1. Beyond 26 Å, what share of the Cα-Cα pairs of the stretch 204-360 remains, rounded to the nearest whole percent?
2. Which entries of LYS113/LYS290; LYS261/LYS354; LYS389/LYS438; LYS77/LYS428; LYS182/LYS335; LYS51/LYS113 have Cα-Cα distances beyond 28 Å here?
3. ALA110 to ALA380: extension gain in nm, 0.36 nm per residue of separation minus the Cα-Cα distance?
4. Using the alpha-carbon atoms, what tilt in degrees (0 to 90, nearest 10) does helix 351-363 show relative to the longest principal axis of the chain?
5. Is the stretch 350-398 rounded, prolate or oblate when judged by the Cα gyration tensor, a ≥ b ≥ c being the square roots of its eigenvalues, rounded requiring a/c under 1.5 and prolate requiring a/b larger than b/c?
6. Which Cα, out of ALA168, ALA266, ASN191, lies furthest along the positive dipole direction of the chain (beta carbon charges, K/R +1, D/E -1)?
7. Could you sort LYS51, LYS438 by their accessible area in this structure, using a 1.4 Å probe and putting the largest first?
8. Return the loop-located chymotrypsin sites (Phe, Trp or Tyr not before Pro) in the stretch 67-140 (DSSP other than H, G, I, E, B) with at most 10 other Cβ atoms within 10 Å of their own Cβ; answer none if there are none.
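The values are calculated or read from the model by the stated rules, or taken from the named source; none is laboratory data. Given the structure is predicted, the values throughout are model-derived calculations rather than measurements. Every residue, glycine as well, gets a Cβ built from its backbone with ideal geometry; the counts of neighbours run over all protein chains shown. Surface accessibility is based on the protein's heavy atoms, side chains included, excluding ligands, DNA and RNA. Shrake-Rupley method; radii C 1.70, N 1.55, O 1.52, S 1.80 Å.
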Amino acid sequence: MSLTTFDSLVNDWGRLQLSLVTAAGLAVVIHFWAGAFRSNKSRQEPPPLTKNVGLFQTIAEITGGRMRDFLIEQFQKVGGIYRLPFPSFAPMVVVVANTQDARAIYKDPAHTKPPVMYGAIDEFSSGPNIVTTRGVPGDSWYHRRKAINPAFAPKIVHRMNRVALEKAGKWIADTLAPLVGKDNMPPKPFNVGRETILLTIAVICKAAFDYDISDTEREEVRLSMQKGIEEFTIKTMINPLRRVGTWCLPDRREAYQAVAKLKTFAVKIMELYRKNPSPTPDTVIDVIMKNPNYKDDSERIPDIVMMLFAGHDTTGYTMAFALLELAKSPNEQQKLRDELINSKDEGASPPYLKAVLNETMRLHPTSPLTGIKELGSDFASKDGYLVPKGSIIFIAQIALARDAILFPDAFQFQPSRWLEGNVTEDAKQALFPFSLGKRNCVGQPLVNAQLNSVLPLLIRQFEFTVEDEGQIVTQGTTRLDNCYLKATKIAEWSWNESTFD
Ligand code: HEM
């Protein structure tokens, strides 16, 4: 062996040793770094719920009707971000109740809707639909949403106002007038939640589907929705095993009858559209029927059913809560009435009306969780917590809207807090009852059209008082059960075609 070869062997051995030492060193560093990172990561997880609230209690609270109280309590005790106690093998489930994190999550286009939370609703609508579709690139949500957007464009709002006023006029004549107190006769109470839902179903059917629903059909749709919501958005969502026992579970069998009725109703709407020689352009049904991306009617039915599902109780109960709060506060009711009577521009939404609606949706957001999202990328919260990609996020508008720092006297109905000069930018940013980002509520213009026209119609003519406040129940959405109001006629007022020009 030559000297050079020997030298080079020694050098190679030296290099090898050096490499081994370096590699070992690196391994140690990586090990400790990774360990530190792991523990750091776990240290940075959002905090858990308050002590003694375990998985079963959480599920019971969220699904048993007390969801909004639970979210408010945990916000007060734990703060604006916390983890729900799901087992570590499941994705992390995090509740977000602070403006900055909520807005950052909404803004990230990578978020999707988790099938584990929304999948059961597809059974209700007879297939994938605009509300539950995941929203991953290339899936059908894109064509569904793109097609429906024009049906809620500003140029359609005038027609929506007219439809809402026509339907409300019929409701006043048929239902309210016989119960109203006049000529020394005391008023008789009416169930405000039930009535505002029936009215909203009539408004959606006409405004969105160009369909004048009969009273019998309306009641059937209301009951079918109620049955389906109970089963598919609550019971089956918590316990997917219910699917295998449909034959022996009466609730599930009845829910399936409800699904069949809603499907028949959707088919009827489509048949009527096809028979109509001059259908109204740019209604929801018009854009759905003209959308070439649906394979056939079986893909259209779920979107028709979902429009009713998403709009009827949210809008109906928002109107009911507005009437209840005004009935509880005669001064606020009179302030609104005075503003409406003195307003020069009858069709515009005057500031106090806007304030009343904002305050109603702050105190009673009918969707207390304005979004259930699956994170498409890791998320670093404003407080430095790390929420990994794939985690499920509940955005708790209800808790955020009760933040006493943003909203002094947060549990009181105080519309004037929304008037210019009183309202802070932070408060404005914290109110998003229709959600934000790509999956925000497509129906918001219809809601505004209904509330901004029907509430003035009622408040100008009737004085509302409370007979029984009823109960607030949150299972998915927030309901107002067994709440009875009374109406006394105080003035005549009617609208005309130019009112909303
Ligand atoms: C006060 C009444 C309403 C409220 C508070 C409300 C609230 C919301 C919220 C928070 C979302 C997002 C839900 C989520 O991400 O899971 C949403 C989505 C939606 N809403 Fe509404 N909504 C109302 C009325 C309506 C009406 C009247 C319609 C239609 C007639 C409607 C149709 C929809 C649809 C189709 C979506 C799904 C949009 C998408 O994923 O692209 N909503 N709504």
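1. Everything past 26 Å amounts to 48 percent.
2. Table pairs above 28 Å Cα-Cα are LYS261/LYS354; LYS51/LYS113.
3. Gain in length upon complete extension: 95.7 nm.
4. 50 degrees
5. Cα axes put the stretch 350-398 in the prolate bin.
6. Selected residue: ALA266.
7. LYS51, LYS438
8. PHE89
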